[in-house]
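Okay, structure first, notes after.
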Amino acid sequence: MKPTASIAQIEQGHLRVVFGGELVLKYQSELKSIFTGLNDRSEPLEIQLLKPEGIDLCFLQMLEAFRREKKRANRKVTVSATLEEENADLLKRTGLLHLLLADEPLNTDTI
């Protein structure tokens with residue numbers, strides 16, 4: 001399933017972006033388009049990963065690059081995630097879980 005991103009204004013001047021689907025290299029151009037569209041926004045962003053079907057290094061690198069760019073521009077970005085057990089375990093085993101823990105605690109059904 002292609003990646004999905006729903007964007008909603010949750011309060012005045014604050015956006016929530018919820019990612020789902022496959023957040024993987026196969027869909028890098030779609031993911032890049034989503035992040036590029038978000039780059040034009042100046043509001044504080046809350047990014048949520050909601051039980052993605054898959055997640056890989058491609059998405060994590062894009063997310064981290066986006067977060068760092070926003071930090072340089074003094075824009076607030078927080079990240080939270082609800083992951084299926086297999087994705088949470090994979091990120092733990094590979095040592096990449098910290099990329100989702102940088103701002104907010106990781107929320108999973110399994111941890």
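Quick notes on this one:
- Close pairs from region 84-98: first assigned to a loop (DSSP other than H, G, I, E, B), partner among the charged types (D, E, K, R), Cβ under 6 Å, at least 6 apart: Glu84/Lys51
- Qualifying positions in region 21-33 - within 11 Å of the chain's Cα centre (by Cα) and either part of a helix (DSSP H, G or I) or over 13 Å from Asp56 (Cα atoms) (or both): Leu31
- Phe66 vs. criteria closer than 18 Å to Ala88 by Cα, touching a helix residue (DSSP H, G or I) at 6+ places or on another chain (Cβ under 8 Å) and of a type outside the set (Ser, Thr, Tyr): no
- Which numbered condition Arg75 fails, given (1) over 14 Å from the mean Cα position of the chain (by Cα); (2) surrounded by fewer than 15 Cβ atoms within 10 Å (Cβ to Cβ): (2)
- Among the residues making up region 84-111, those that are within 24 Å of His14 (Cα to Cα) and either among the aliphatic types (A, V, I, L, M) or at pLDDT 80 or above (or both) are Leu99, Leu100, Leu101, Ala102, Leu106.
- Restricted to region 35-51, and to residues there that are without any contact (Cβ under 8 Å) to a residue 40 or more places away in the chain and touching a Phe, Trp or Tyr at 6+ places or on another chain (Cβ under 8 Å), the residue that is surrounded by the fewest Cβ atoms within 10 Å (Cβ to Cβ) is Asn39.
- Meets criteria (part of a loop (DSSP other than H, G, I, E, B) and either in contact with a His (Cβ under 6 Å, 6 or more places away or on another chain) or at pLDDT below 95 (or both)) for Glu43: yes
The values are calculated or read from the model by the stated rules, or taken from the named source; none is laboratory data. The model shown is predicted, which means the values in this text are computed figures rather than measured ones. In this analysis, Cβ positions are derived from the backbone assuming ideal geometry, glycine residues included, and neighbour counts consider all displayed protein chains.
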